[in-house]
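Only one structure is covered here, and it is reproduced in the block below.
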Amino acid sequence: MGLTYTRLGEIFSNNLVATPAIDSYKQALNCFLRLKDYSLANTFLHIGMSYLLNKNNDSALYYYRKSMSLAKEQNKMSVYIGSISGIAPLYYDLGYKDTAFMMIHDAFSLPKDDDQYMTCCFTYGEMLAKECQYDSAIHYLEQSINRNTFATKTVSAELLTNCYMALGDTVKANYYQKIYSDNFTIYRNTSETNIELSNIYDDYQQKHLEKTNLLNK
């Protein structure tokens, strides 16, 4: 059941439907808590990501910290890198810039696969762009845009557009602007799916509440 709830959480989060994703991952967490010695690091990471999607940064930070601590303790480096990539921008936005950059530098020094490397590139590139270090930001973002994740590709294209515009390179800016516009059109066209998923979730919640009320009478 925990794995089933995790898959549901992935469906919701991949379609940017935050609240059902949070609830699904928390249901998974409740299942996994019953298992002896089962690592919760990855589940904490998913909950943190879902809260970030919901723009609830305080809760996202809480779960990212739990994930990062547990993953480091259990030597789960892929989860640890994912947690760092999520938490570093939050620390940056809170004003702890040195801590944020130290974290991502730490992630770069760890063994990782190509996907994890591009995740780090995206996080680092995004922070460098905020620092107006455009040349350095471009170096990393032009790697992260190749990640096989729609959100990373889209935001990388947007950031690259802004960086090249700041540098006065309109040819490159227009190139990445087209990628961003094409991806944003795809995102806009999937809004009906997102609404349908939200409606399915709301309908389930309502029926579950009615059933619970009947059982309690």
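The values are calculated or read from the model by the stated rules, or taken from the named source; none is laboratory data. Model, not experiment: these values are computed from the prediction. Using ideal geometry, Cβ is built from the backbone for each residue, glycine included, and neighbour counts are taken over all protein chains shown. Each accessible area value is taken on the protein alone, full model and side chains, heavy atoms only, with ligands, DNA and RNA left out. Shrake-Rupley method; radii C 1.70, N 1.55, O 1.52, S 1.80 Å.
Given (1) of a type in the set (A, V, I, L, M, F, W, C); (2) more than 18 Å from Ile84 (Cα to Cα); (3) under 21 Å from the mean Cα position of the chain (by Cα), identify the lone condition not met by Val171.
All conditions pass for Val171, except number (3).
If we keep just the residues of segment 139-170 that are open to solvent by 50 Å² or more (accessible area, probe 1.4 Å) and not in a helix (DSSP H, G or I), which is nearest to Leu128 (Cα to Cα)?
It comes out as Leu167.
Taking the residues in segment 192-207 that are in contact (Cβ under 8 Å) with a residue 40 or more places away in the chain and surrounded by 13 or more Cβ atoms within 10 Å (Cβ to Cβ) as candidates, determine which candidate is nearest to Tyr5 (Cα to Cα).
Among them, the one singled out is Tyr201.
Please determine, by comparing only the residues of segment 101-112 that are in a helix (DSSP H, G or I) and aliphatic (A, V, I, L, M), which one is farthest from the chain's Cα centre (by Cα).
If we take residues in segment 101-112 being in a helix (DSSP H, G or I) and aliphatic (A, V, I, L, M), then Met102 is farthest from the chain's Cα centre (by Cα).
Got a sec? Which helices (runs of 4 or more DSSP H) wholly within segment 1-100 have at least 3 residues that are open to solvent by 10 Å² or more (accessible area, probe 1.4 Å) and either closer than 22 Å to Ser198 by Cβ or among the polar types (S, T, N, Q) (or both)?
Ranges flagged: 2-14, 18-32, 41-53, 57-73.
Anything in segment 1-54 that is of a type in the set (Lys, Arg) and closer than 22 Å to Tyr80 by Cα? List them, or say none.
Arg7, Lys26, Lys36
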